[in-house]
Amino acid sequence: MAQRTVLVVLFDHVQSLDVTGPVEVFAGAETHTPGTYRIRTASLDGAPVRTSSGLTVVPDRALTAVPDPDTLIVPGGPGTRNPDPRLTEWLRAHGPRARRLVSVCTGAILLAGAGLLDGRRATTHWAHSGRLARDHPAVDVDPDPIYIRDGHVATSAGVTSGIDLALALVEEDLDRDAALSIARHLVVFLRRPGNQAQFSAQLAAQTARREPLRELQRWITEHPGADLGVESLAARARLSPRHFARAFRAETGTTPGRYVDRVRLEHARRLLEDTGDGVEEVSRASGYGTPETMRRAFVKALGTSPAEYRRRFRPAPVH
């Protein structure tokens, strides 16, 4: 395979992990298979940039001085809120020339601003998906997956999902063994295909303001197999079912039923990934009651059965 150039765009207030995560993956691939990748970084004028965490990163050169790359990576960060118009114009002109165009986190907002996501399905960090959809109605925004491939364009969710996407690209270029070797070196699991949802982020984002409801949320998470109907939860919160349902939705942004569904799916997913428990045992422990009920929930949320989910996402033993 001919050596491929990976170019990472830098700008002030970029999220440092959006940059270094994918860079470490491609650098690992170059170590694994020398001659595979040439990694370059560039800012508008070639000047150092200051990341959102205060680190200073010195790019290799100016964007105007780099040839069109094989893979163009656009990271996110607070600097995407008011981008330099010159950066938007550069992306509009050069983005379509890359064989693969990739964004990490809110880097999707920069791609959308350059018109590069129009008519495409895309994702970004769950906390910014509403903004992306509102400001760019021509983009089909899906806030759930950790990354999405649409043709030659790939967009990813929060910061660590950039590592998942980079591993997928390396696996595409080389093979699964190479990607697995890199994942092990970085101490991450090669087990998160793009259709895996941003479960934990969604749950963490919906914390009630009042202590009784916050405590109830914690209790639900710790007891997914319990009776989690509205009447039972309302009694535990010492509220009438009607008052409880209204208060829960007002403070968490979702209904009790939907919250319970997410908790149970999260719990079942982790048992399938991390234990050898049978599907029937997992379904009972997660509150589904029967394997068929759990299967329907998995198909609806993830488009796959529990058995297939385990086969694809549970890491193979490391010998």
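The values are calculated or read from the model by the stated rules, or taken from the named source; none is laboratory data. The shown structure was predicted, so the numbers you read here are calculated from the model rather than taken from an experiment. For neighbour counting, all protein chains shown are included, and Cβ atoms are generated from backbone atoms with ideal geometry for every residue, glycine included. To get the accessible areas, we keep the full protein, side chains included, count just its heavy atoms, and leave off ligands, DNA and RNA. Shrake-Rupley method; radii C 1.70, N 1.55, O 1.52, S 1.80 Å.
Here are some notes:
- Share antiparallel - DSSP beta bridges, segment 78-189, percent rounded to 5: 45
- The residues of the chain have, on average, 47 Å² of accessible surface per residue, using a 1.4 Å probe with all protein chains present.
- Stretching the chain fully between Ala65 and Lys300 yields a gain of 79.8 nm (0.36 nm per residue, less the alpha carbon separation).
- Rolling a 1.4 Å probe over the protein heavy atoms leaves Arg295 with an accessible area of roughly 100 Å².
- Modelled FRET efficiency - R0 22 Å, Glu215 with Ala250, Cβ distances, 0.05 increments: 0.85
- Charged neighbours of Gln217, selected by a Cβ distance under 15 Å, balance to +3 (K, R count +1; D, E count -1).
- The mean sequence separation of alpha-carbon pairs under 8 Å and at least six residues apart, normalised by the residue count of segment 1-48, gives a relative contact order of 57 percent.
- Here the scattering of segment 211-319 is modelled by Debye summation over its C-alpha atoms, one equal scatterer each and no solvent; at q = 0.11, 0.14, 0.20 Å⁻¹ the log10 of I(q)/I(0) is -0.39, -0.59, -0.98.
- Charge tally in the Cβ shell below 11 Å around Ala65, where Lys, Arg are +1 and Asp, Glu are -1, Ala65 excluded: 0
- Taking Cα centre as origin and charging only the Cβ of basic (Lys, Arg, +1) and acidic (Asp, Glu, -1) residues, the dipole magnitude of segment 1-105 rounds to 220 debye.
- Rg in Å to one decimal, and Dmax rounded to a whole Å, for segment 9-67 via C-alpha atoms: 12.2, 33
- Space enclosed by the convex hull of the alpha-carbon atoms of segment 70-154, per residue, Å³: 78
- Residues Ala127 and Ala235, FRET efficiency given R0 of 25 Å [Cβ-Cβ distance, rounded to 0.05]: 0.15
- Largest-first ordering by accessible area, 1.4 Å probe, given options His243, His185: His185, His243
- Rolled with a 1.4 Å probe across the full set of protein chains, the surface gives Thr160 an accessible area near 70 Å².
- Surface calculation, 1.4 Å probe, protein heavy atoms: Asp277 sits at approximately 50 Å² accessible.
- Each of Arg242 and Thr33 was given a label point 7 Å from its Cα along the Cα-to-Cβ line. The distance between the two points is 6.5 nm.
- Other residues within the sphere of radius under 11 Å centred on the Cβ of Gly46, judged by their own Cβ, net out at -1 (K and R +1, D and E -1).
- Dipole-positive endmost among Leu174, Asn82, Ala138 within segment 39-174 (Cβ charges, Cα centre): Asn82
- In the list (1) 19.1, 65; (2) 17.5, 53; (3) 21.7, 67, the label attached to Rg and Dmax of the Cα atoms in Å as derived from the coordinates here is (3).
- Compared with the direct C-alpha span, the chain from His152 to His223 gains 21.3 nm at full extension, assuming 0.36 nm per residue.
- Between the residues Ala154, Tyr259, Ile73, the greatest Cα displacement towards the positive end of the dipole of the chain, with unit charges on the Cβ of Lys, Arg, Asp and Glu, is found for Tyr259.
- Exposure rank, largest accessible area first [Trp126, Trp90; 1.4 Å]: Trp126, Trp90
- Accessible-area composition of the chain, carbon plus sulfur, in percent [1.4 Å probe]: 51
- Segment Glu292..Arg86, full-extension length gain: 68.7 nm, with 0.36 nm per residue of separation and the alpha-carbon distance subtracted.
- Computed E for Arg40/Asp177 - FRET, C-beta separation, R0 22 angstrom, nearest 0.05: 0.25
- Computed per residue of the chain from DSSP H runs no shorter than four, each worth -39500 (n - 2.57), the mean residue ellipticity at 222 nm is -14000 deg cm²/dmol.
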